[in-house]
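As structure tokens, the structure follows; a few thoughts come after it.
The values are calculated or read from the model by the stated rules, or taken from the named source; none is laboratory data. Here the structure is a predicted model, which is why all the values come from computation and not from measurement. Positions of Cβ are backbone-derived with ideal geometry, glycine not excepted, and every protein chain shown enters the neighbour counts.
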Amino acid sequence: MAPVLVLAEHDAANGAVKKVTLELLTLARRLGEPVAVWFGAGSGDALELLGQYGASTVYVADGSGVTDHPVVPMVDVLAALVADVSPAAVLVPSSADGKEVAGRLAVRTGSGVITDAVDIDASGVATQSVFGGSTVVHSKVTSGTPIYTVRSNSVAPEAAPTTCTAQPVSVEVSDVAKKATVTDRTVASKGGRPELTEAAVVVSGGRGVGGPEGFSVIEKLADSLGAAVGASRAATDAGWYPHQYQVGQTGKTVSPQLYIANGISGAIQHRAGMQTSKVVVVVNKDAEAPIFELADFGVVGDLFEVVPQLTDEIEKRAN
Amino acid sequence: MKIAVCVKQVPDTWAEKTLRPEDSTLDREAPDGVLNELDEYAVEEALQIAEAHGGEVTVVSMGPARAAETVRKALSMGADAGIHVQDDALHGSDAIATSAVLAAALEGKGFDLIIFGSESTDARMSVIPAMVAERLGIAQLTFAQRVSVSGSDVTIERVTDYGFDTITASMPAVVSVVEKINEPRYPSFKGIMAAKKKPVETLGVSELGLDVAAVGQAAAWSAVEDFAARPPKPAGTIVADEGEGGARIASYLTEQKFI
């Protein structure tokens, strides 16, 4: 079976393998033999987990400044691997880095690229959910080595245990990569919550939250579920919640198992960022709010009464 | 300093977008075409850098005839000149071909900075700035929440999932900016009038030295097999809160095994 290269995304600070990497390994097994590619330090601790999800090999690109320059060193290494091992496909996460790696790798290797796939079948046909989830598209790469970026939470990771061995690859960072240099990394406090695009549960607030202080109610519910907090554009534009938490057309796209929308009307702008969530729960005062069209379960009521009661109930049931 | 800012005309952010049944391309006729919202931040950033350091701003766009409106919009915000790549052969081009066209339009013109929005609100691929940097062989400084220019260097804060990276390069460089890096200005009446007299060069594919066979839908390296409207979601259970709304959601979440 031809190898399928999987960019193993991991936490830059502690090396923890991201869940999306396990999802990519799961999808890669449909196309060939999954092989992980790891950039930077920390691969030793990840071997067992990568093997558990079916990676027999992890190519490790560490040292030689591979993490000192943005994006391009990863393209340098992947392009060399594409030439060396002739993979059936290359799978990378739909993160900012992942999409840029995919785009540049496509240009460099003469390959087609499909971004934001939510599924890939054994023949390489990718499913994309476009225009805010209103249209489902099936497409295929027709030239070169198919390159896919895959959205988090698209498939459930399935174990397929094997023994994973690390294979160091020589790193030759290109001159063009060296033109931009990372001089500092700033880690913002996340308050211990999961990352928005990776989270299995997202709890969001919108205009109905009424102000910055109202978000404490949203945060308490999120923490009771181990969820990430999101916000609609109305809330971030008003300055009630930091902009990086905006879910929507011009913000983050999330696809969690459970999405709880509180005080959000559900304009296209917002739906575009959350429409592919598996289960949607809505709390809104306005029974006519379009967000109810997406609800699996909805309560018409005041979020300041419903949400705290829900939080209490969750805590009670968890104990 | 010479700054290029690449912009795209897209269907109005608030409009329903659809694919055309005959060739699976985006229907660009039906909804109003607007300057991609995220490109407004790119135009504003270009103008602010030019105002602070001196220089001129050229708007570059690839798109059908009506995309000229979008070039004018950027000119009315204050950009100095425009390049509009327009050619029927471009219809259905993929990102690979689009990046080749933009790179050809930008190359050899001495731009110090080439600024993009972080994505278009229609295709949402976020790959064009990186692809253009790859083709031009210049530094890539993308997803910037802050850009500063000092001498021949440009430094950005690249938004990451953990915070941001500070990245620096010598110009020339490709930069992309994220929403909220600035507050885009509204075109003034004076700006709108002035834009009508600003030079816009309209170029076809062969004038860029590219082969028309290398662009357009037939040359794309990926193809749509089929598409369909997402089936409407079956109606959910909606209840009015009568003092037990929170508890009812908790019961639902327990049934669904989230609790």
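Scanning for something within 28 Å of residue A:267 (Cβ to Cβ), touching a helix residue (DSSP H, G or I) at 6+ places or on another chain (Cβ under 9 Å) and in a loop (DSSP other than H, G, I, E, B), does segment A:95-105 turn up at least one residue?
Yes, there is a match, as at least one residue in segment A:95-105 is within 28 Å of residue A:267 (Cβ to Cβ), touching a helix residue (DSSP H, G or I) at 6+ places or on another chain (Cβ under 9 Å) and in a loop (DSSP other than H, G, I, E, B).
Consider residue B:117 carefully, then state whether it is surrounded by fewer than 21 Cβ atoms within 10 Å (Cβ to Cβ), small (Gly, Ala, Ser) and within 21 Å of residue A:113 (Cβ to Cβ).
Answer is no for this residue.
Can you tell me how many residues in segment B:114-139 are more than 10 Å from chain A (Cβ to nearest Cβ) and touching an Asp or Glu at 6+ places or on another chain (Cβ under 9 Å)?
3
Restricting to segment B:33-67, give me the number of residues that are away from chain A (no Cβ under 14 Å), charged (D, E, K, R) and touching a strand residue (DSSP E or B) at 6+ places or on another chain (Cβ under 9 Å).
Result for segment B:33-67: 4.
Filter segment A:1-35 down to the residues that are part of a strand (DSSP E or B) and within 14 Å of residue A:98 (Cβ to Cβ), then identify the one that is farthest from the chain's Cα centre (by Cα).
A:5
Please determine whether any residue of segment A:201-214 is in contact with a helix residue (DSSP H, G or I) (Cβ under 7 Å, 6 or more places away or on another chain), in contact (Cβ under 8 Å) with a residue 60 or more places away in the chain and within 12 Å of another protein chain (Cβ to nearest Cβ).
No.
Is at least one residue of segment A:216-239 within 11 Å of chain B (Cβ to nearest Cβ), under 21 Å from residue B:238 (Cβ atoms), in contact with a strand residue (DSSP E or B) (Cβ under 6 Å, 6 or more places away or on another chain) and assigned to a loop (DSSP other than H, G, I, E, B)?
no
(1) modelled with pLDDT of 95 or more; (2) farther than 17 Å from residue B:203 by Cβ; (3) crowded, with 23+ Cβ neighbours inside 10 Å; (4) not charged (D, E, K, R): which one isn't true of residue B:52, the others all being true?
Answer for residue B:52: the failing condition is (3).
Mind listing just one residue for me: the one in segment A:82-116 that is surrounded by fewer than 19 Cβ atoms within 10 Å (Cβ to Cβ) and away from every other protein chain (no Cβ under 11 Å) and, of those, farthest from residue A:172 (Cα to Cα)?
Filtering first and then ranking leaves A:88.
Filter segment B:37-67 for residues that are acidic (Asp, Glu) and under 17 Å from the mean Cα position of the chain (by Cα); which is nearest to residue B:185 (Cα to Cα)?
B:44
Could you check how many residues of segment A:271-319 are in contact with a strand residue (DSSP E or B) (Cβ under 8 Å, 6 or more places away or on another chain), among the basic types (Lys, Arg) and within 7 Å of chain B (Cβ to nearest Cβ)?
0
Residue by residue through segment B:146-162, note down the ones that are at pLDDT below 95 and crowded, with 17+ Cβ neighbours inside 10 Å.
B:159, B:160, B:161
Say we look at segment A:117-170 and pick out the residues that are more than 10 Å from chain B (Cβ to nearest Cβ) and at positive phi; which of these is modelled with the lowest pLDDT?
Going through the qualifying residues, I end up with A:153.
Using the structure shown, decide if residue B:205 is more than 14 Å from chain A (Cβ to nearest Cβ), more than 30 Å from residue B:154 (Cα to Cα) and at pLDDT 95 or above.
Yes: the conditions hold for residue B:205.
Going by the structure shown, is residue A:265 closer than 20 Å to residue A:93 by Cβ and more than 10 Å from chain B (Cβ to nearest Cβ)?
When the stated conditions are applied, residue A:265 does not pass them.
Are there any strands (runs of 3 or more DSSP E) wholly within segment B:1-111 with 1 or more residues that are among the aliphatic types (A, V, I, L, M) and closer than 23 Å to residue B:144 by Cα, and if so which?
B:2-7, B:9-11, B:33-35, B:56-62
Restricting the search to segment A:139-170, which residues are closer than 30 Å to residue B:24 by Cβ, in contact (Cβ under 8 Å) with a residue 60 or more places away in the chain and in a loop (DSSP other than H, G, I, E, B)?
A:145, A:151, A:152, A:153, A:154, A:155, A:156
Any idea which residue in segment A:178-199 is farthest from residue A:155 (Cα to Cα), counting only those that are of a type in the set (A, V, I, L, M) and at the interface with chain B (Cβ under 9 Å from one of its Cβ atoms)?
A:180
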